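Undergrad: Dumping the structure here so I can ask a few things about it.
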Amino acid sequence: MGAMEESTVADASTTKDLENGEDLEKESFITKDGTVDWKNNPADRRTTGGWKACPYILGNECCERLAYYGMSINLVVFLTDKLHQHNATASTNVTNWSGTCDITPLIGAFLADAYLGRYWTIAAFSSVYFVGMVLLTLSASVPSLKPPSCVGDVCPGASPGQIGSFYLALYLVALGTGGIKPCVSTFGADQFDDEDPSEKKYMTVFFNWFYFSINVGAMIASTFLVYIQQSVNWAWGFGIPAAAMGIAIVSFFIGSKQYRHQKPGGSPLTRIAQVIVAAIRNWRLRLPADETMLYEVDGKASAIEGSRKIQHTAEYSFLDKAAIEDKSRPTTKWNLCTVTQVEEVKILLRIVPIWASVIVFSTVYAQMSTLFVVQGLKMDYILGTFKVPSASLSMFDPLSVLILVPIYDRLLVPFVRKYTGHPQGFTQLQRMGIGLVISTISMVVAAVLEIQRLRVAREKGLVDADDKNFPKLLNAQLSIFWQIPQYFIIGASEVFTFIGQLEFFYEQSPDAMRSLGSALSLATVALGNYLSSLLVTIVTKITRRDGKPGWIADNLNHGHIDYFFWLLVALSVVNFLFYLPFAYRFKYKATK
């Protein structure tokens, strides 16, 4: 009997050891960054995330960008040809709308970080996006929703109702795309555990191929869809992007069970306000000589849901007073904050100068959808019997990216790594700085081309040729394909600055503010568009005094957009000089 009992105990002990071993083995496959699966259980890296989940996200991004660029690349032509707006007005309206598309991400980012999480934010705003695309298609296809065609030189203006329906659709798209844009790239990066070196090394690769996917969509839009819009009709030209958006939504939902999710951490704005208020309330308290005396919760996890603890830094020491415990007053979140919460605010302050430096870069980027298109309309766009749509030249921007991303990822990074010792070859800020220089070169090339175009126009007697007679004289003008270098160079600058920016804002933003960080990076594009609009407005107002045609004239042969390009060169140089010292002194985030 005793032997049987000993055997039973031994068996039970063995079973327990096996169970413990299985639990330990299972735990070893759990992600270390706090992500969960679709059932809200700790994410298992064997069944979730990584490259298993990324194809659905990359497919979603490719189709969504095809939809976005399919209706935006040629939008300035739709406004001038179909809504009969002037060049300057259409240019301003497009850049204002584009800017809005990059401001609305602040809404989506706040909801994702604070309450909904990235998955449900993408799902909700995708629906709004799709509705806007459908309404836009209707506004281009239903006769009562668009103005009559021009009769000779007489072009009837759009009615208030037609304008209203068009801009309702346009700004629903802006809200929809803005809501999902800060979440898709960060949601994709969430699929890699940045506490696991074997997964983290693929994060840079993901951002490279994420931007590659964006440009696959942009490439199709700037070739096939631009041709459909200008050679078939605008109903199909907007209808196909609407269908692409529907495919993007389906692609996203198919991968639902394989995604990893970061839990929302509550309102980031509230946490920022709490740090500022607590620091002000504790301004009379003396900072301890030992930084470990500053308040932080015990244990590995921070007090912020979905966030790791952040190491203390000495910068902006006034804010550290928010982490001093004052026993003379009740302990509340508005009187006492953790070191991690204080460091969140410090990180944002360190990021701001880098963020501001990308605004002028985005102003340069905005010229592709405005002045580059208008410039192309005054060049020889006939290739045999085929009319090359001016906006289709923008295909060389994504083509540049599609060519250069694999070269950067497979050739340049390993080569540079030999000399720098950095795993990614360049640091994120070095990569961004190189892009700022390249973008400046693109404006020099555009200005030189415009000087040559004006010279040929004067020599060939094309200065006063109106748009009606201009096509007959095209063979006397410079070929539109001379624009290829300026588009290609801007694409090269994107590979450095925009992709570097995506990675920088994801990695350097606090864990519970990563959607907000992505939104801030997108806001640089918005502010770049707004700055472009502001510059166009100011330049037009100043240079059209006393009846002069101005730099940006309705007939570009009477204007000087080369002067505008040189203005952007000067701004880019000043901006780069501003960027250098902040990039050099920047301290990268360190977590515990």
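Undergrad: Starting from a Cα-only point model with no solvent, please compute log10 I(q)/I(0) by Debye for the chain at q = 0.08, 0.11 1/Å.
TA: -0.62, -1.06
Undergrad: Using a cut-off of 14 Å between beta-carbons, work out the net charge of the residues near Asp562 (Lys and Arg +1, Asp and Glu -1, Asp562 not included). Walk me through the numbers on the way to the answer.
TA: On the way: positive: Lys378, Arg453, Arg455, Arg458; negative: Glu450.
Result for the local shell: +3.
Undergrad: Rg/Rh for the range 187-341: what does it come to with C-alpha atoms and Rh from Kirkwood? Intermediate values should be presented prior to the final figure.
TA: On the way: Rg = 24.2 Å, Rh = 20.2 Å.
Dividing the radius of gyration by the Kirkwood radius yields 1.20.
Undergrad: How large is the direction-averaged shadow of the alpha-carbon convex hull of the range 56-207, in nm²?
TA: On the way: hull surface 42.1 nm².
Taking the Cα atoms of the range 56-207, their convex hull projects to 10.5 nm² on average.
Undergrad: Now a separate question. Students sometimes get this wrong: rank Trp355, Trp236 by accessible area, probe 1.4 Å, all chains present, largest first.
TA: Numbers: Trp355 55, Trp236 160 Å².
Of Trp355, Trp236, the descending order of accessible area is Trp236, Trp355.
Undergrad: In terms of modelled amide H atoms, which long-range or inter-chain residues lie less than 5 Å from the amide H of Arg308?
TA: Hits under the 5 Å cutoff: Asp511.
Undergrad: Convex hull volume of the Cα atoms in the range 224-285, per residue, in Å³?
TA: Values: hull volume 11.2 nm³, N = 62.
Looking at the range 224-285, the number lands at 181 Å³ per residue.
Undergrad: Using unit Cβ charges (K, R positive; D, E negative) and no other charged atoms, how large, in debye to the nearest 20, is the dipole of the chain about its Cα centre? It would help to have the intermediate numbers written out before the result.
TA: Working: 51 positive and 50 negative charges, 357 e Å.
Taking the Cα centre of the chain as origin, the dipole is about 1720 debye.
Undergrad: Applying 1/(1 + (r/R0)^6) with R0 = 30 Å to the Cβ-Cβ distance of Ser267 and Arg417, what FRET efficiency is obtained, to the nearest 0.05?
TA: Values: r = 40 Å, r/R0 = 1.35.
The pair Ser267/Arg417 has a calculated efficiency of 0.15.
Undergrad: Just to make sure I understand: if all protein chains stay in place, what is the order of Val536, Val352 by accessible area at 1.4 Å, largest first? Working shown, then result.
TA: Values: Val536 10, Val352 70 Å².
Putting Val536, Val352 in descending order of accessible area: Val352, Val536.
Undergrad: Would you mind telling me the share, in percent, of accessible area of the chain contributed by carbon and sulfur at probe 1.4 angstrom?
TA: Numbers: 16500 of 25700 Å².
On the chain, the fraction of accessible area on carbon and sulfur atoms equals 64 percent.
Undergrad: Percent antiparallel among DSSP beta bridges with both residues in the chain, to the nearest 5? Could the numbers behind the result be given before it?
TA: Numbers: 8 of 9 bridges.
The antiparallel proportion sits near 90 percent.
Undergrad: Rounded to whole Å, give me the distance from the Cα center of the range 282-340 to that of the range 106-184.
TA: Using only Cα atoms, the two centres lie 44 Å from each other.
Undergrad: Based on the Kirkwood radius over alpha-carbon pairs, what is the Stokes-Einstein translational diffusion coefficient of the range 524-592 at 37 °C with 0.692 mPa s viscosity, in µm²/s?
TA: Translational diffusion coefficient: 225 µm²/s.
Undergrad: Using the alpha carbons of the range 438-559, what is the convex hull volume per residue in cubic angstrom, as a whole number? Display every interim value, and only then the final one.
TA: Numbers: hull volume 15.5 nm³, N = 122.
Once divided by residue count, the hull of the range 438-559 is 127 Å³.
Undergrad: Enter the accessible area of Tyr563 (Å², nearest 10), with the probe set to 1.4 Å and all protein chains included.
TA: Roughly 100 Å² of Tyr563 is accessible to a 1.4 Å probe.
Undergrad: Another one. If each of Phe29 and Ile484 carries a label point 7 Å out from its Cα toward its Cβ, how far apart are those two points in nm?
TA: Label at Phe29, label at Ile484, 5.1 nm between them.
Undergrad: Turning to a different aspect of this structure: Which value in nm describes the separation of the simple spin-label points at Phe586 and Val444, placed 7 Å from the Cα toward the beta carbon?
TA: My value for the distance between the label points is 2.4 nm.
Undergrad: Under the 0.36 nm per residue contour assumption, what length would be gained going from the current alpha-carbon distance of Asp554 and Ile538 to full extension?
TA: Additional length available on full extension: 4.2 nm.
Undergrad: Under 8 Å for C-alpha pairs, at least 6 residues apart: give me the relative contact order for the chain, rounded to a whole percent. Each step should come with its number before you reach the end.
TA: Values: 946 pairs, mean separation 122.0, N = 592.
Relative contact order for the chain comes out at 21 percent.
Undergrad: As a test of reading the structure, rank Trp551, Trp51, Trp38 by solvent-accessible area (1.4 Å probe, protein chains only), most first.
TA: On the way: Trp551 65, Trp51 100, Trp38 130 Å².
Descending order: Trp38, Trp51, Trp551.
Undergrad: Same structure again: If ligands, DNA and RNA are left out, what is the accessible area of Cys62 with a 1.4 Å probe, given in Å² to the nearest 10?
TA: About 30 Å², rounded to the nearest 10.
Undergrad: While we're on this one: For the range 211-369, what is the accessible area per residue in Å² when the probe is 1.4 Å? Numbers along the way, then the final one.
TA: Working: 7020 Å² over 159 residues.
Computed with neighbouring chains in place, this is 44 Å² per residue.
Undergrad: Starting from the Cα gyration tensor of the range 130-252, take the square roots of the eigenvalues, sort them a ≥ b ≥ c, and report rounded, prolate or oblate (rounded when a/c is under 1.5, otherwise prolate if a/b is larger than b/c, else oblate).
TA: prolate
Undergrad: Setting aside same-chain residues fewer than 8 positions from Lys333, which lysines have a Cα under 26 Å from its Cα?
TA: Within the straight-line limit of under 26 Å, Lys333 reaches these lysines: Lys263, Lys300, Lys309, Lys321, Lys346, Lys589, Lys592.
Undergrad: For the range 51-176, what is the relative contact order in percent, using Cα pairs closer than 8 Å and at least 6 residues apart in sequence?
TA: Numbers: 96 pairs, mean separation 35.6, N = 126.
About 28 percent, as a whole number.
Undergrad: Would you mind getting me the FRET efficiency between Ser231 and Leu285? Use the beta-carbon distance for r and R0 = 56 Å, nearest 0.05.
TA: Details: r = 71 Å, r/R0 = 1.27.
Approximately 0.20, to the nearest 0.05.
The values are calculated or read from the model by the stated rules, or taken from the named source; none is laboratory data. Computed from a predicted structure; not experimentally measured. Methodologically, a virtual Cβ is constructed for each residue, glycine included, from the backbone with ideal geometry; neighbour enumeration extends over all protein chains shown. Surface areas here come from the heavy atoms of the whole protein model, side chains and all, with no ligands, DNA or RNA. Shrake-Rupley method; radii C 1.70, N 1.55, O 1.52, S 1.80 Å.
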